[in-house]
Amino acid sequence: MYSGGYTGKILRVNLTSKTAQEEKLPLAVAKDFIGGAGLGMKYLFDEVKPGTDALGPDNKLIFAPGPFTGTSIPCASRMAVVGKSPLTGAVGNALTGGYFPAELKFAGWDAVIVEGKAEKPTWVSIKDSSVRFHDAGSLWGTMTFDCQQMIKDNLNDQNTRIICIGPAGERLSKIACIINERRAAGRKGLGAVMGSKNLKAIAVRGTGKVAITSEEKYRAARSEMLKAFKESPVLYSAFSPAGTPMVVDLTGALGILSAKNWSATGEFVPVDQLGLDAQNTRKIGKEHCYDCPVGCSQMKLAKTGPYAGILTEGPEFETIYSFGTQTGVVNLDAVIAADRLADELGLDSMSAGVTIGFAMELFERGILTPADTGGIDLKFGNDQAMMMVLRMMAFREGIGDLLADGTRVAAMKIGKGSEKYAMHIKGLELPAYDVRGAKAHGLNYATAYTGADHNRGYAFQEIFGIPVPWEVDRLSIEGKGKLTKWNQDVRAATCDCATMCAFMLDTALPATSTQNTSALLEAVTGLIFTPDEIQKVGERLNNLAKVFNIREGFTRTDDTFPERLMTEPLKDGASKGQVITKDDLKKMLDEYYTERGWDTQTGVPTRAKLEELGLSTAADLLGV
């Protein structure tokens with residue numbers, strides 16, 4: 001049935017009954033969705049009923065690597081974690097790298113579906129086809145790094161790979177993440193889903209290997225990919241030694257480095273304190289994901305003040321924004337310490353930092369007072385206050401309990417006009433790039449099925465000036481609907497389903513990513529896709545996710561921006577004067593829906609489009 005890439009096996013773990021069973025992965029599902037996020041989306045749509053409580057036992061949590069994971073394809077040790085998001089109520093999808101994804105494939109599984117709820121705290125160990133359930137009473141309450149070490153010691157195997165939650169997930173913080181070694185499956189609150197199931201951790205160890213259908217074709221396709229890596233003008237020369245922090249300087253120069261809860265973009269640009277040169281003074285090494293030649297993760301050591309001696313794998317660009325420019329903090333050592341603490345607590349660093357920055361603006365405006373904060377001087381730039389509140393959020397203490405579920409929930413509780421300053425879309429906090437100066441990037445935020453998520457349709461054309469599939473003007477709204485569809489569909493298939501690292505494809509293979517995926521798929525799995533069919537897989541995923549969200553009550557009105565982005569032009573910098581008006585958004589949405597073949601007035605996929613994609617069941621559900 002499967003000659004390579006896939007094991008053809010799904011592991012279903014029921015925590016309520018403490019049972020595990022093997023199921024076959026239907027070949028038709030593999031052909032339609034490839035793997036990763038596509039596979040997760042298919043099972044989520046089929047098995048999670050409309051209106052399901054995201055923190056109830058009927059929600060599913062699906063861990064799905066792709067057919068490339070565990071091979072020697074560079075940058076392919078990736079895995080999607082999919083479930084209904086408690087933060088947004090929409091599809092939750094988070095990607096993570098490291099070693100756990102490859103180990104899961106070595107154990108023989110194309111995906112693990114976790115369902116039900118354990119009666120008491122539990123952790124699960126998987127060794128090849130053997131699955132065991134363990135009492136996690138002694139682990140409950142531990143930080144994520146300590147939890148992983150305790151499990152390795154328990155199993156007497158330091159090479160076991162582990163995903164787990166921290167105190168934030170245990171307390172059902174809607175911005176809790178899942179930690180895999182030092183990597184996060186962040187955003188969308190999937191750590192809270194894990195906590196709601198009383199699942200502290202999953203440990204995996206595999207002794208198998210991933211089969212290759214055609215070694216000759218595999219060597220040729222992999223060689224072409226590595227050749228593109230070497231020929232890239234930035235991959236090894238700039239991205240490998242710097243990682244994503246290199247984007248701090250770039251976005252600062254473009255005038256889109258978001259600052260102080262998006263109120264001071266272009267005015268507050270602390271590149272000297274937080275940019276690449278400053279980052280390099282703290283770099284002491286780097287880390288690689290499984291079989292990755294690039295090794296973009298930078299190890300940073302804080303050197304001054306109360307943070308001296310704290311080591312983190314990062315901080316990545318988005319965390320430099322969330323705990324740096326977003327909060328007005330320019331102490332790089334504090335940002336390093338906050339990144340490490342967020343990982344230990346199991347809090348998504350992006351949502352956590354954006355939420356703290358939101359609270360800081362409310363404090364400076366007098367909407368929150370010292371009585372609300374317990375006397376904490378929660379002003380922009382106060383790194384010690386940031387660290388205090390970050391910990392309080394994970395343990396739901398004091399002001400932290402108010403902020404533990406993100407900006408939308410906090411604004412609903414606070415009132416007093418605070419909603420105006422809550423920087424989220426569909427409940428998901430905004431990533432770093434101030435999209436008033438990058439319009440396609442912004443349209444992706446508005447339309448991505450997960451909410452404000454730069455990884456669903458990253459507009460590298462606007463950020464890096466790469467003219468693929470065509471040259472664009474980042475400040476224009478023209479053609480951005482068509483571009484956003486292309487970005488979302490291509491990235492969904494090549495990165496989220498296959499699975500591969502988006503950074504590598506953006507920097508080395510932007511013009512040939514679908515061809516590269518097509519060639520590798522044939523070599524590894526024997527399944528033949530044209531490049532256009534690869535892109536069609538991404539389109540299928542995006543349409544199915546859209547239908548899932550519609551059945552959960554989402555409408556065109558949810559494809560929007562925070563008020564600030566539509567009413568406050570940028571005041572300074574290279575994007576000075578830029579704003580996305582409501583009329584701009586309407587025009588871009590109309591074009592986007594038209595390009596997608598959706599009803600322009602409602603944003604609902606048409607029956608013709610869904611049937612074209614083989615999703616007639618979804619069309620029946622919508623009644624279109």
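What does the extension gain come out to for Thr555 and Ile528, with contour length at 0.36 nm per residue minus their alpha carbon separation?
Gain in length upon complete extension: 6.1 nm.
Just to check I understand the Karplus step: with θ = phi - 60° and J = 6.51 cos²θ - 1.76 cosθ + 1.60, what whole-Hz values come out for region 156-164, glycine and proline as x?
Computed from phi, the couplings for region 156-164 are 6, 8, 6, 9, 5, 9, 9, 10, 7 Hz.
Tell me, how many Å apart are the Cα centres for region 463-490 and for region 325-361?
30
Based on the mean of other beta carbon atoms within 10 Å per residue, what is the order of 11-18, 198-205, most packed first?
198-205, 11-18
May I ask for the equivalent-ellipsoid semi-axes of region 452-576, computed as the square root of five times each C-alpha gyration tensor eigenvalue and listed largest first in whole Å?
29, 20, 11
Going through the cross-link list Lys42/Lys609; Lys127/Lys197; Lys120/Lys197, which pairs have a Cα-Cα distance over 19 Å in this structure?
Correct reply: Lys127/Lys197.
What spacing in nm lies between the two simple spin-label points modelled at Thr19 and Phe133, each 7 Å away from Cα in the Cβ direction?
Roughly 1.1 nm, to one decimal.
Please tell me which of these pairs span more than 27 angstrom C-alpha to C-alpha: Lys105/Lys536; Lys230/Lys286; Lys31/Lys485; Lys174/Lys286?
Those over the limit are Lys174/Lys286.
What is the calculated FRET efficiency for Ala308 to Asp272, with r their C-beta to C-beta distance and R₀ = 30 Å, to the nearest 0.05?
The computed FRET efficiency comes out at 0.90.
Can you tell me the mean projection area, over all orientations, of the convex hull of region 9-205's alpha carbons? Units nm², please.
In nm², the orientation-averaged hull projection of region 9-205 is 9.7.
Which peptide among 575-584, 505-514 comes first, and what is the full order, when sorted by highest mean count of other Cβ atoms within 10 Å?
Result, highest mean first: 505-514, 575-584.
Students often check this: by mean Cβ neighbours within 10 Å, which of 89-99, 552-562, 366-376 ranks highest, and how do the rest follow?
Put in order of decreasing packing, that is 89-99, 552-562, 366-376.
If you find the alpha carbon centre of region 112-144 and of region 555-624, how far apart are they in angstrom?
Each part's Cα centre sits 40 Å from the other's.
Given H placed 1.01 Å from N in the peptide plane, which residues other than close sequence neighbours of Lys84 have an amide H under 5 Å from its amide H?
Sorted by chain and number, the residues that satisfy this are Lys60, Gly92.
Taking 0.36 nm per residue of separation and subtracting the Cα-Cα distance, what length does fully extending Glu419 through Gln515 add?
Extra length from Glu419 to Gln515 when fully extended: 30.1 nm.
Starting from the Cα gyration tensor of region 245-423, multiply each eigenvalue by 5, take the square root, and state the resulting semi-axes largest first in whole Å.
27, 18, 14
Estimate the FRET efficiency between Phe145 and Ala238 by the formula 1/(1 + (r/R0)^6), using the beta-carbon distance for r and 51 Å for R0, to the nearest 0.05.
Approximately 0.95, to the nearest 0.05.
For Asp473 and Glu216, what does the FRET efficiency come to when R0 = 41 Å and r is the distance between their Cβ atoms, rounded to the nearest 0.05?
Efficiency, rounded to the nearest 0.05: 0.40.
Go through region 54-67 residue by residue and turn each phi into a ³J(HN,Hα) via Karplus (6.51, -1.76, 1.60, θ = phi - 60°); whole Hz please, and just put x for glycine and proline.
Whole-Hz 3J(HN,Hα) from phi for region 54-67: 4, 9, x, x, 7, 6, 10, 10, 10, 10, 9, x, x, x.
Going Cα to Cα from Lys117, which aspartates and glutamates come in below 12 Å? Please leave out same-chain ones fewer than 8 positions away.
Partners within reach: Asp58.
Compute, for region 9-205, the length of the dipole vector about the Cα centre, with Cβ point charges of +1 (Lys, Arg) and -1 (Asp, Glu) only. Units Debye, rounded to 20.
Roughly 260 debye, rounded to the nearest 20.
For Ile165, Ile126, Ile466, what's the fewest-to-most ordering of other Cβ within 10 Å of each Cβ?
Ile466, Ile126, Ile165
By counting other Cβ atoms within 10 Å of each Cβ, how are Met412, Met588, Met393 ranked from fewest to most?
Met412, Met588, Met393
Please compare each pair in Lys482/Lys586; Lys379/Lys413; Lys260/Lys576; Lys416/Lys576; Lys49/Lys426; Lys49/Lys480 to a cut-off of 22 Å on the Cα-Cα distance and tell me which ones are over it.
Going by Cα-Cα distance, Lys416/Lys576; Lys49/Lys480 fall outside the 22 Å limit.
Can you sort Ile175, Ile113 so the residue with the fewest Cβ neighbours within 10 Å comes first?
Ile113, Ile175
Using alpha-carbon pairs under 8 Å, 6+ residues apart, how would you state the relative contact order of the chain in percent?
15
Using a Cα-Cα cut-off of under 17 Å, which aspartates and glutamates could be cross-linked to Lys227, ignoring same-chain neighbours fewer than 8 residues away?
Within the straight-line cut-off, Lys227 pairs with Glu216, Asp291, Asp506.
Provide the net charge surrounding Phe464, with neighbours chosen by a C-beta distance below 13 Å and charges set as Lys +1, Arg +1, Asp -1, Glu -1.
Value of the local net charge: -3.
On a full-extension model of 0.36 nm per residue, what is the gain between Ser72 and Asp377, subtracting their alpha-carbon distance, rounded to one decimal in nm?
104.7 nm
Of the beta bridges DSSP finds with both residues in the chain, what % are antiparallel, to the nearest 5?
In the chain, approximately 80 percent of DSSP beta bridges are antiparallel ones.
Quick note: the coordinates plus some simple rules give every number you see, no bench work behind them. It should be emphasised that the depicted structure is a prediction, and the values quoted were computed from it without experimental measurement. Methodologically, a virtual Cβ is constructed for each residue, glycine included, from the backbone with ideal geometry; neighbour enumeration extends over all protein chains shown.
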